[in-house]
Every structure is written in structure tokens, then in C-alpha cells.
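Following: one structure in C-alpha cells, then a few remarks.
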């Protein structure tokens with residue numbers, strides 16, 4: 001990716017959730033883990049976490065792979081990208097962008113990871129249960145490069 005396209009993809013992280021899935025109105029989900037980065041600016045990059053021979057992996061395998069990477073995105077990062085979705089590259093349409101650094105747990109114990117998906121017209125934030133499969137054709141982690149003030 002060239003420098004000018006990276007500069008256009010700078011997103012601002014808020015220290016709070018735009019949509020707090022832990023609120024009572026959202027079903028009282030508990031936050032199991034969250035990205036330690038609470039604010040600042042970042043540039044996202046795609047990460048393919050599948051092995052060459054794999055077409056799908058189950059959620060627990062996806063979680064194990066996420067643990068092998070540093071600086072992956074979470075819920076707040078995906079919300080930052082959603083707020084300025086016009087900056088997300090056209091080449092990323094059709095992908096499911098996963099933020100594995102935030103895991104929510106439903107009242108009945110189901111664990112979920114946050115995802116940013118494109119519906120053909122716009123991006124939307126959703127969650128996927130970790131007992132489902134993740135497709136090598138569509139799913140990617142988002143790694144971030146944090147920008148520091150000079």
C-alpha cells in the first residue's frame with residue numbers, strides 16, 4: 001500500500017463504545033476482553049490468518065491464531081472505521097473484518113467476536129458467535145499501526 005493511501009485511512013479511536021453491547025438495552029452482555037488501546041489514531045491493515053490448505057476454521061482456532069498476533073483491532077477500532085467508512089478501501093468490500101481483541105459473552109454464555117461487514121451499499125457492525133466457522137474466502141483480521149503525536 002502506498003503512503004498516500006495509508007494517510008487517507010487514518011481513523012480516530014474513542015475511549016468508549018459507540019454502541020455498548022454490555023448495556024442493559026443491548027442484552028446485558030459481559031465484556032470478556034477488550035483491546036488495551038483506548039484512544040488515538042491508527043491505520044488498519046488486513047491480516048490473513050488461514051493456512052494455505054484451509055477453507056474454513058472454527059472459532060476456537062480463530063482465537064488461537066489471533067493470540068499469535070500483536071496489535072489486532074477490537075470493537076472500538078471497528079466502530080472508528082464504521083464512523084468513516086468512506087475511507088475503507090473498495091478492495092475490502094466483500095470481506096468480513098474481524099476485531100478479535102474484543103470478546104462479548106451473552107447472558108447464556110455464548111461468546112461473540114465483533115465484525116465489520118459490507119452489505120453491498122454500506123458497512124455495518126455485527127457480532128459472530130465463536131462456535132461458528134470462519135471462511136478463508138471472506139474473513140480477515142485487522143492489524144493496526146498506532147500513530148503517535150510528534
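Residue exposure proxy: 110, 29, ordered by other Cβ atoms within 10 angstrom of their Cβ from fewest to most, comes out as 110, 29. Build a GNM of the chain with springs between Cα atoms under 10 Å apart, and of 94, 22, 109 the one that fluctuates most is 109. Comparing mean-square fluctuations of 132, 97, 21 from a GNM of the chain with C-alpha springs under 10 Å, the top value falls on 132.
Anyone know which of 34, 71, 48 comes out most mobile in the 10 Å Cα GNM of the chain? Per the Cα network of the chain with a 10 Å cutoff, 48 tops the list. Report summary: the helix-based calculation at 222 nm, which adds -39500 (n - 2.57) for every DSSP H run with n ≥ 4 and divides by the residues of the chain, gives -4000 deg cm²/dmol.
Ranked for footprinting exposure by Cβ neighbours inside 10 Å, fewest first, 51, 138, 111 give 51, 138, 111.
Taking other Cβ atoms within 10 Å as a rough exposure proxy, 126, 102 sort from fewest to most as 126, 102.
All C-alpha pair distances within the chain, sorted into 5 Å bins from zero, spread as 2, 9, 20, 23, 21, 15, 7, 2, 1, 0 percent across the bins. Modelled label positions at residue 12 and residue 138, each set 7 Å beyond Cα in the direction of Cβ, lie 3.2 nm from each other.
Each reported figure results from applying straightforward, stated rules to the coordinates on display, with no laboratory input. The structure displayed is predicted, hence computed values, not measured ones. Note that each Cβ is placed from the backbone with ideal geometry, even for glycine, and that neighbours are counted across all protein chains shown.
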